[in-house]
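Contents: one structure, followed by commentary.
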Amino acid sequence: MNYISNSINIFVMVFAALFPVVNPLGSAPIFLNFVRKCSPAVREQVARSVALYGFVLLFGSLLFGAQILLFFGVSLPVLRVAGGAVVTAVGWGLLHQGDEPADRAASQELSEAQAQDEAFYPLTLPLTVGPGSIATTIAIAASHKPTWQTDLMESLSSLIGAVAGLLAVALTVYFAFREAPTIERVLGKTGTNVLVRLFAFILFAIGVEIIWLGMRELLGQVPR
């Protein structure tokens, strides 16, 4: 039961941390501007491709991002503090940003062939999965020590929870982009703004917690 609880906790943390950074609801109108000339079938295909590419990028960052930084001599506690600072800064910025999300991408419309060719760049990177979401994923990975040698089941439950969180984010991207015209009509700017602010505060709190974990470990290494 503890392993199930651990998976659920990791799932909630990953989803709550990445949702406001990836911001599918805020990115959906931008995506719609790109593919407005496309048919619903092509728009759905492009949305599926963007969700898949985004999941692969985030999954790679989860598995290898922290190890790559450690390879270059960045210690795990320092990585946690730096990653937590990035997460906190992103959360703080989202809390105080104005109504400029649409400025993150050009409003030019793409033809069906162009939309399919540009599903990875720029529709996935950097429109959907940018440096902020990649840094957030690395920080989450760094905030949990690998425990393969001490408790295999705990490590597996953590990995399952994290992958489930990434899948949930990818599915949210897919449905938000596929239903972009409906979201634009139903939520409007105010509803989207409220939802993003709520998750931004959760993201800010997660960043503070990651910083505290790194600082506590660094302070524990100081000779007394």
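Values in this text are rule-based calculations from the coordinates and carry no lab data. None of the values given here were measured: they were computed from a predicted structure. Positions of Cβ are backbone-derived with ideal geometry, glycine not excepted, and every protein chain shown enters the neighbour counts.
Ranking request for peptides 158-167, 193-202: highest mean number of other beta-carbon atoms within 10 Å first, then the rest in descending order.
Highest to lowest by the protection proxy: 158-167, 193-202.
At 0.36 nm per residue, minus the direct Cα-Cα distance, what do Glu184 and Leu219 gain on full extension? Give it in nm, one decimal, please.
Between Glu184 and Leu219, full extension yields 7.8 nm more.
Determine Rg/Rh for the chain; Rg is computed over alpha-carbon atoms and Rh is the Kirkwood hydrodynamic estimate from the same atoms.
1.01
From the C-alpha gyration tensor of segment 172-224, pull out the three semi-axes of the equivalent ellipsoid (sqrt of 5λ each), sorted largest to smallest, in whole Å.
They are 41, 12, 4 Å, listed from largest to smallest.
Would you mind checking the tilt of helix 152-178 against the longest principal axis of the Cα atoms of the chain, expressed as 0 to 90 degrees and rounded to 10?
Around 20 degrees separate the two axes.
In sequence order, what are the phi-derived ³J(HN,Hα) couplings for segment 184-200 according to the Karplus relation 6.51 cos²θ - 1.76 cosθ + 1.60 with θ = phi - 60°, rounded to whole Hz, with x for glycine and proline?
4, 7, 7, 6, x, 5, 5, x, 4, 5, 5, 5, 5, 5, 4, 6, 5
Counting each DSSP H run of 4 or more residues in the chain as -39500 (n - 2.57), what helix-only mean residue ellipticity at 222 nm follows after dividing by all residues, to the nearest 500 deg cm²/dmol?
About -25000 deg cm²/dmol.
Along the Cα→Cβ direction, 7 angstrom out, place labels at Ala113 and Phe72. What is the inter-label distance in nm?
Between Ala113 and Phe72, the label points sit 4.0 nm apart.
Please sort 65-76, 41-52 by packing, taking for each peptide the average over its residues of neighbouring beta carbons within 10 angstrom, highest first.
My ranking of the peptides, most packed first, is 41-52, 65-76.
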